[in-house]
Amino acid sequence: MSDSCQSPSLVGQAAPDFTAPAVMPDNEINPAFNLKSYLQGSYGLVFFYPLDFTFVCPSEILAHDHRVKAFAERNTKVIAVSVDSHFTHLAWKNTPVEKGGLGNVQFPMVADLTKSIARDYGVLLPGGVALRGTFLIDRNGVVQSSHVNNLPLGRNVDEGLRLVDALQFSEEHGEVCPAGWNKGKAGMKPNPNGVADYLSKHASEL
């Protein structure tokens, strides 16, 4: 397979498992971090970013870190991945935010030195870095959502939280989540009567 992001969508498929070095929240290096073992029945949000010590990337990483407790409240573990080494990850964490660093972000940062993880997730560019891909994984290890941005376009991390809420709502109630759904709003029963009922009440809000 070539070093390109030409793979089919992973949505509905088992999330590709991986084992690789990672810097953990306590700054210890786990030389054999394994995704499946780490999640162990939790939801997972795996996000890829191009490179350490760059520009858009620290804003995205800090945005995830600022919401890591909100993800944890939803039984969701956040994992970051880039093609940098675990030593570079650690150096970036040890650099103060005001000097372009991350500080002590509280989720694992995986070192995809072989680029096999980015390739398996379909986000590896020919130049050797990953696009800004985000993958929501359910408790059974199945990818339920994937969202990929090109390099200049920073993510909205609140959308990741919204998708976790939507997935959990659907699992709990057996309903589907219409456009713009947020926690606390009405869902839709997945049948013609359900659609008609929802639209009769909420069409003007869409």
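Filter the range 109-161 down to residues that are in a helix (DSSP H, G or I) and more than 18 Å from D65 (Cβ to Cβ), then give me how many there are. If you could, list the steps in order and put the result at the bottom.
Taking the range 109-161 as the starting set, the residues that turn out to be in a helix (DSSP H, G or I) are 116-120, 157-161.
Subset that is more than 18 Å from D65 (Cβ to Cβ): 116-120.
Residues in the range 109-161 being in a helix (DSSP H, G or I) and more than 18 Å from D65 (Cβ to Cβ): 5 in total.
Please go through the range 181-193 and give me each residue that is in a loop (DSSP other than H, G, I, E, B) and over 20 Å from the mean Cα position of the chain (by Cα), ordered by number. Selection gives G184, K185, A186, G187, K189, P190, N191.
One line per residue, one yes/no per condition, for (1) surrounded by fewer than 19 Cβ atoms within 10 Å (Cβ to Cβ); (2) among the hydroxyl-bearing types (S, T, Y):
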{"site": "P108", "(1), (2)": "no, no"}
{"site": "I117", "(1), (2)": "no, no"}
{"site": "D120", "(1), (2)": "yes, no"}
{"site": "N150", "(1), (2)": "yes, no"}
{"site": "L153", "(1), (2)": "yes, no"}
{"site": "S170", "(1), (2)": "yes, yes"}
{"site": "H173", "(1), (2)": "yes, no"}
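If you filter the range 175-206 down to residues that are of a type in the set (G, A, S) and over 29 Å from R139 (Cα atoms), you find that the one that is surrounded by the most Cβ atoms within 10 Å (Cβ to Cβ) is A196. Cβ separations smaller than 6 Å between residues 6+ apart or across chains give the following pairs from the range 73-86 residues that are at pLDDT 95 or above and assigned to a loop (DSSP other than H, G, I, E, B) to residues that are small (G, A, S) and buried (at least 21 other Cβ atoms within 10 Å of the Cβ): S85/A111. A count restricted to the range 126-141 and to residues that are open to solvent by 40 Å² or more (accessible area, probe 1.4 Å) and either touching a residue at least 12 places away in the same chain (Cβ under 8 Å) or in contact with a Leu (Cβ under 7 Å, 6 or more places away or on another chain) (or both) stands at 2. Counting only residues that are of a type in the set (A, V, I, L, M) and either touching a Gly at 6+ places or on another chain (Cβ under 9 Å) or part of a helix (DSSP H, G or I) (or both), how many does the range 87-108 have? Matching residues across the range 87-108 total 3. The set of residues in the range 31-61 that are assigned to a strand (DSSP E or B) and open to solvent by 50 Å² or more (accessible area, probe 1.4 Å) comprises P31, A32. Please tell me if F71 is more than 19 Å from P152 (Cα to Cα) and in contact with a Pro (Cβ under 7 Å, 6 or more places away or on another chain). Here the answer is no, as F71 does not meet what is asked. State whether the residues of the range 2-23 include one that is open to solvent by 50 Å² or more (accessible area, probe 1.4 Å), aliphatic (A, V, I, L, M) and in a loop (DSSP other than H, G, I, E, B). Yes, there is a match, as at least one residue in the range 2-23 is open to solvent by 50 Å² or more (accessible area, probe 1.4 Å), aliphatic (A, V, I, L, M) and in a loop (DSSP other than H, G, I, E, B).
In summary, A179 fulfils each of the numbered conditions (1) without any contact (Cβ under 8 Å) to a residue 60 or more places away in the chain; (2) among the small types (G, A, S); (3) touching a Leu at 6+ places or on another chain (Cβ under 6 Å); (4) under 22 Å from P25 (Cα atoms) with the single exception of condition (4).
With respect to being closer than 15 Å to Y49 by Cα and in a loop (DSSP other than H, G, I, E, B), P178 falls outside the description.
The values are calculated or read from the model by the stated rules, or taken from the named source; none is laboratory data. As the structure is a prediction and not an experimental result, all values here were calculated from the model. So basically every Cβ, Gly included, is an ideal-geometry build from the backbone, and we count neighbours across all protein chains shown. Heavy atoms of the whole protein, side chains included, go into the accessibility calculation; ligands, DNA and RNA do not. Shrake-Rupley method; radii C 1.70, N 1.55, O 1.52, S 1.80 Å.
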